[in-house]
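Following: one structure in structure tokens, then a few remarks.
The values are calculated or read from the model by the stated rules, or taken from the named source; none is laboratory data. It should be emphasised that the depicted structure is a prediction, and the values quoted were computed from it without experimental measurement. Here the Cβ positions follow ideal geometry from the backbone for every residue, glycine too, while neighbour counts run over all protein chains shown. Ligands, DNA and RNA are excluded from the accessible area calculation, which covers all protein heavy atoms including side chains. Shrake-Rupley method; radii C 1.70, N 1.55, O 1.52, S 1.80 Å.
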Amino acid sequence: GYRFPYGGVAVITPFNFPLEICSIQTMSAMFMGNRPLVKVDEKVAIVMEQFLRFAIAHGLPAADVDYLYSDGQVCNEVLRGG
């Protein structure tokens, strides 16, 4: 059957395999019409920032993806709306 977008999707990646997991989850969310919020571990923030810059430079709409890196406490508050 046909699937409908959820709207916003949190893409939370660990410190190991950040590029592989983030790219698959982010692109899957966008293919389904969702807007991903990418949260990465602060240890690998530069890797993911470079990935998103590359993707935006090659056609990814910058307004369709949000990027957040911080420790877990701050991200929990953001994701819960607090």
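The order of 27, 32 by accessible area, most exposed first and with a 1.4 Å probe, is 32, 27. Magnitude of the charge dipole for segment 4-82, about its Cα centre and with charges confined to Cβ atoms of Lys, Arg (+1) and Asp, Glu (-1), is about 140 debye.
Sparse packing (at most 15 other Cβ atoms within 10 Å of the Cβ) combined with a DSSP loop state is found for the following trypsin sites (Lys or Arg not before Pro) in the chain: 3. In the chain, a dipole from Cβ-located charges (positive for Lys and Arg, negative for Asp and Glu) runs towards its positive end, and of 30, 63, 4 it is 4 whose Cα lies farthest in that direction. For the chain, modelled as a GNM whose springs connect Cα atoms under 10 angstrom apart, the maximal fluctuation among 33, 59, 72 occurs at 59. Across segment 24-68, C-alpha contacts under 8 Å between residues 6 or more apart give a mean separation that, scaled by the residue count, equals a relative contact order of 51 percent.
Quickly estimate the mean residue ellipticity at 222 nm for the chain, helices only: each DSSP H run with n ≥ 4 gives -39500 (n - 2.57), and the total goes over all residues, rounded to 500. Please list the in-between numbers first.
Values: 3 runs with 36 residues, N = 82.
Using -39500 (n - 2.57) per qualifying helix, the result is -13500 deg cm²/dmol.
Between residue 27 and residue 79, the FRET efficiency from the beta-carbon distance, with R0 = 22 Å, is close to 0.60. The phi torsions of segment 29-34, fed into the Karplus equation with coefficients 6.51, -1.76 and 1.60 and a -60° offset, translate into couplings of 4, 5, 4, 8, x, 9 Hz, rounded to whole numbers, with Gly and Pro shown as x.
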